[in-house]
Amino acid sequence: MEIVLRLLLRRLLALPVMMFGVTALVFVILQLSPGDPAIIALGDSASEAAKALYRETHGLNDPILVQYGRYIVNLFHFDFGVTMPPEQPISALIAKAFPLTLQLTFIGVFFAAIVSFSLGVLAALYRDRWVDQVIRLLSVAAVATPSFWLGILLIQWLSLDYDIFPSGGFVPFSESPKDYILSMTLPSLALAVPVCASLIRVVRTTMVEEMDKDYVRTAIGNGVPYSTVIRYNVLRNALITPVTVLGLRVGYLLGGAVVIEQIFDLPGMGKLIFNGIVNHDLHLVQGVVLTIAFTFILVNIIVDILYLLINPRIRSL
């Protein structure tokens, strides 16, 4: 427990540095984006006096370091600013949309973890047999399938042709658990399948490498049941790399959810960032990107802690 707390403390101390880097990068990129915020907000027909008043009111005439400092201070109060007219608090919009994106992402992670670990272990146990060949063939085909294209195919097959699932929209769990599951199934599948396919290959490879080590042959030679060696030694040691990959893939899933939410018309962060890009609303885009980046950093801290729980050898590093 002490080692876990020390690791957690180190990661938390590094968190402000990482967030500072993310905020600086996003801020500078968006500041260099083309377009005058005053013209975007007021329109081309606005008078020069109105544009000048808008720039002065929103601090756009201040030096960039002053604007960045003011933005950082606002972030400490969870204030991302307001959207372009009609003005709405960005924090409120994110608070409403982010839970849906998190649900979609972690349902996808859960599906990818269960399927990939099961099929990866099965492929390793039956390596070079027909079971292994079939799983490897399916994983190669799935990893080459883009999520957005798979989402469109799922809508065509399971919504339009067979009318099993809805083609889009979202129903909260509190209103109807059944409709919630139906509305989240296809987006989660479209998001998770490519990740699941790549993770199957990682699980299989690490399992095969671990099974070929000397301690496995020694344990079996000393009479330890094969199933016991696999369950208590091989699996535990082989999970380190897949857990690492899965933690990194959460960032991919969060980013992929932006596209998937547009395809399935889900009111999550994807719709927010799409609206921000279409309307040239830099503050909205900035708020969404920073929220996703912060979540990704937290997930990787959790993954680091899982290393210690899965394999005690990491505790000495």
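The values are calculated or read from the model by the stated rules, or taken from the named source; none is laboratory data. Small disclaimer: the values here were computed from a predicted structure and weren't measured. Cβ placement follows ideal geometry from the backbone for every residue including glycine, while neighbour counts extend to all protein chains displayed. Side chains included, ligands, DNA and RNA excluded: accessible areas come from the protein's heavy atoms. Shrake-Rupley method; radii C 1.70, N 1.55, O 1.52, S 1.80 Å.
The table below gives the values:
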| quantity | calculated |
| --- | --- |
| Single residue of ARG201, ARG249 found to be within 18 Å of the chain's Cα centre (by Cα) and of a type in the set (Lys, Arg) | ARG249 |
| Meets criteria (surrounded by 14 or more Cβ atoms within 10 Å (Cβ to Cβ), modelled with pLDDT under 80 and under 30 Å from LEU298 (Cα atoms)) for ARG6 | no |
| Filter result for the condition that a residue is in a helix (DSSP H, G or I), more than 30 Å from LEU30 (Cα to Cα) and open to solvent by 40 Å² or more (accessible area, probe 1.4 Å), over LEU309, LEU248 | LEU309 |
| Single residue of the range 252-268 satisfying the filter (closer than 17 Å to VAL193 by Cβ and either among the acidic types (Asp, Glu) or not in a helix (DSSP H, G or I) (or both)) that is nearest to the chain's Cα centre (by Cα) | GLU261 |
| One residue from PHE20, PHE78, PHE27 being open to solvent by less than 30 Å² (accessible area, probe 1.4 Å) and closer than 30 Å to ASP304 by Cβ | PHE27 |
| Among (1) exposed (fewer than 13 other Cβ atoms within 10 Å of the Cβ); (2) under 30 Å from VAL259 (Cα atoms); (3) of a type in the set (Asp, Glu), the one test that GLU48 misses | (2) |
| Counted residues, the range 169-184 - those being touching a Pro at 6+ places or on another chain (Cβ under 9 Å) and buried (at least 17 other Cβ atoms within 10 Å of the Cβ) | 2 |
| Members of the range 269-282 found to be in a helix (DSSP H, G or I), over 19 Å from the mean Cα position of the chain (by Cα) and surrounded by fewer than 19 Cβ atoms within 10 Å (Cβ to Cβ), listed by number | ASN275, ILE277, VAL278 |
| Index of the failed condition, ARG236 passing every other in (1) modelled with pLDDT under 80; (2) farther than 30 Å from LEU12 by Cβ; (3) basic (Lys, Arg) | (2) |
| 2 or more residues farther than 19 Å from ALA123 by Cβ and small (Gly, Ala, Ser): qualifying helices (runs of 4 or more DSSP H) within the range 171-237 | 177-211, 214-221 |
| Considering residues of the range 98-138 that are small (Gly, Ala, Ser) and modelled with pLDDT under 90 only, the residue nearest to ASP79 (Cα to Cα) | GLY108 |
| Criterion: touching a residue at least 60 places away in the same chain (Cβ under 8 Å) and assigned to a helix (DSSP H, G or I) - qualifying residue of LEU25, LEU75, LEU53, LEU9 | LEU75 |
| Failed condition for THR145, given (1) open to solvent by 70 Å² or more (accessible area, probe 1.4 Å); (2) farther than 23 Å from HIS280 by Cα; (3) not in a helix (DSSP H, G or I) | (1) |
